[in-house]
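Working notes, structure below.
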Amino acid sequence: MRSEVGAAAAFWCGGPTGVGREHHVEWTVEEDVAWGGNARPATSLSPGVDEEEGGRIVFRGRLGLTGDGGAMLEVAGTHILFDLADPPPSTAVDGTWVEISVDRNSVSLWPYLL
């Protein structure tokens, strides 16, 4: 996946006919956010999607706590939903810039039409 905020390899859940073309996608991440583990304050106040060594993808954006055990990360206008691991982060991180690092195999891209 390549975008204006970065590039990363993830599981494509669409048909092969659209490979190499522009798509709108929904992100699915099957890894919980563990504050102090795979989530921390961002080192940069700009949105991003990057690959790390070891097969991990790092999302950088504004974190929104949903109040029901979940979180939403806003990355350049796209919203990615996450479940929160125990213990949940402090409400003080709500609305702040964070980085969330997840295993690449836990990330799926689902194309859709507008």
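All of the numbers you see were taken from the coordinates with simple rules; none came from a lab. Treat the numbers as computed from the prediction; the structure is a model and nothing was measured. FYI the Cβ positions are ideal-geometry reconstructions off the backbone, even for glycines, and counts take in every protein chain you see.
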Run the quick spin-label model on T66 and C13: label points 7 Å from Cα toward the beta carbon, then report their separation in nm to one decimal. 1.4 nm
Which entry in (1) 1.35; (2) 1.04; (3) 1.27 is this structure's computed Cα Rg over 2.2 N^0.38 Å? (2)
Return T91, T66 ranked ascending by Cβ neighbour count within 10 Å, so the fewest neighbours appear first. T91, T66
The set of residues whose placed amide H lies less than 5 Å from the amide H of R40, leaving out same-chain residues fewer than 5 positions away, is E99
Highest-fluctuation residue, D103, D68, D94 considered, GNM on the chain with Cα pairs under 10 Å: D68
Give, as ranges by residue number, the residues of the stretch 9-40 whose backbone N falls under 16 Å from the point 7 Å along Cα→Cβ of W110. 11-15, 24-31
Need one number: % antiparallel among DSSP beta bridges in the stretch 2-112, to the nearest 5. 85 percent
